[in-house]
Structure formats: structure tokens, C-alpha cells
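As C-alpha cells, the structure follows; a few thoughts come after it.
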Amino acid sequence: MRIVEILFYDTNKVKLVVEMPDPNRYTTDHVPHLPRSLFELFPHLADHKCHNEHGYSFRRESMSTEIPHLLEHLIIELQSQAQMHYSLKGETQWNWRVDPRGTFHVHVEYENEQLVLAAIRLAERIVNAVDRREIDQIDTEREIERLRLQFRFRVLYLLVWMRVWLGMPSPTALGRLTETVGNLAANSEGTMSLLGESALARLRPGLTP
């Protein structure tokens, strides 16, 4: 499986063009170990909702579905592992009267552009590694922690921007802030605590970093 194009559109959606190398081997029927292994690696996939014509749960549907559909849910799950959110949706489509057989269009919602890009690339690596039975070559826990850092550093960037904009003109004060940010880099709870509701409330509408 190969992602050949990534296109951002609207305000929170990304479209992937995915190609299957063997146009006759694009469903999980041919690789039953793929969904089974992914559910072992990511148990929360079992909680995903899936709208399908049979009304199956996602776990049941994944036993006989398109591999890019599995990729769609894995991208959503990886984002969830890194950043709490209410709900992200996705959709997998294909039209082989227009596109070459084996071409799929995967649409996924996101909240953080840098995070979803990292999640897309990691999901692609994981699916292909599991397909080749080489998942032991990927340290999934370490990779997910890197995704979390993508989100944390975005929060830290916003924190620095707000603190500077709200009034920390002296180099000494700014230096202390930079040191604090560095100490908080591995602690998302501390980051959000420092940010505080009062700072958020004082931001003027319409101003973004």
C-alpha cells in the first residue's frame, strides 16, 4: 500500500490518494492477520463507529473490508492517542470507472495539521509492516510518544505567542519563559496548567498566531 498524494481541503479535512500494488489484493480477506494484529496493537479500535451497509461493528467489518478503510481508522486512532478530541470522522471511496483499479480516496478529519501528517505517515508504515509481518521493526510506543510531542509543541508554541503578546517585553522575563517551556516539553498537563483559563479569556477575538 502506498499513499501517493495528500491534499488538505476545507478547514479540517485531508484527502489521501492511496494505491494498492496488487489491484486484486486490496481487502483484508487476503491478509486476515492485518486487522487482527492492528486490534492487538490498538485495542481502542474496537470502540470505533463504522457506518456500513450491514450494520456491523468496526471489528466485524474489518475482517472483510478494504485495506485503505483500515488505514482511515488507524489514522484517526493515532490522532486520538496523541490528542484528546470529541470525535473525528473519515470516509473511504473509490471509483474505478475513473481511476485505475486499486486506487482509493481516503478522507480524514483532523484538528492539528502537523499531527495528522505525522499520523498519516506512521499509519502507512504500520499497515505495511504488519502486512509484511515486520511490525517488530517499529517501536509503536515510541512513535506514538513522538506524535504526542507534535501536539505538545503546538500547544507550547501557542503558549509562548500568547505570553509574549499579553506582555512580557523584557529579555529576562522572556528567557525565563523559554526555560519554563523547555521544562514542560514532556509534560502536557503542566503545559495546560501554565496556560490557564485566564490567559485564554484575555485573548482578543480574531487574533491568531
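The values are calculated or read from the model by the stated rules, or taken from the named source; none is laboratory data. The structure displayed is predicted, hence computed values, not measured ones. Quick reminder, even Gly has a Cβ in these numbers, built from the backbone with ideal geometry, and neighbours come from all protein chains shown.
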Q: Scan region 81-123 for residues that are in contact with a helix residue (DSSP H, G or I) (Cβ under 7 Å, 6 or more places away or on another chain) and of a type in the set (Gly, Ala, Ser) and jot them down.
A: Ala82, Gly90, Ala118, Ala119, Ala123
Q) Does region 73-92 contain any residue that is small (Gly, Ala, Ser), over 17 Å from the mean Cα position of the chain (by Cα) and either modelled with pLDDT of 95 or more or part of a loop (DSSP other than H, G, I, E, B) (or both)? A) no
**Q.** Members of region 30-53 that are exposed (fewer than 14 other Cβ atoms within 10 Å of the Cβ) and of a type in the set (A, V, I, L, M, F, W, C)
**A.** Ala46
Q) When Tyr56 is evaluated against the numbered criteria (1) of a type outside the set (Asp, Glu); (2) closer than 18 Å to Leu147 by Cβ; (3) surrounded by fewer than 21 Cβ atoms within 10 Å (Cβ to Cβ), which criterion, by number, is the only one it fails? A) (2)
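Quick one: in region 86-103, of everything that is of a type in the set (Ser, Thr, Tyr) and in contact (Cβ under 8 Å) with a residue 12 or more places away in the chain, which residue is surrounded by the fewest Cβ atoms within 10 Å (Cβ to Cβ)? Before you say what the answer is, go through the steps one by one.
Step one: of region 86-103, the residues of a type in the set (Ser, Thr, Tyr) are 86-87, 92, 103.
Adding the requirement that they be in contact (Cβ under 8 Å) with a residue 12 or more places away in the chain leaves 92, 103.
On the way: Thr92: 20, Thr103: 18.
Ranking the qualifying residues of region 86-103, first place goes to Thr103.
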Q: For residues that are part of a loop (DSSP other than H, G, I, E, B) and not acidic (Asp, Glu), scanning just region 1-13, find the one that is surrounded by the fewest Cβ atoms within 10 Å (Cβ to Cβ).
A: Thr11
Q. In the list Glu111, Glu143, which residue meets the criterion of being closer than 19 Å to Glu72 by Cα and outside the structural domain of Glu72 (by TED's automatic domain parsing)?
A. Glu143
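In region 14-39, how many residues are part of a helix (DSSP H, G or I) and farther than 13 Å from Glu77 by Cβ? Break it down stepwise before answering.
Going through region 14-39, the residues part of a helix (DSSP H, G or I) turn out to be 33-39.
Add one more test, that the residue is farther than 13 Å from Glu77 by Cβ, and what stays is 33-34, 36-37.
So the answer is 4.
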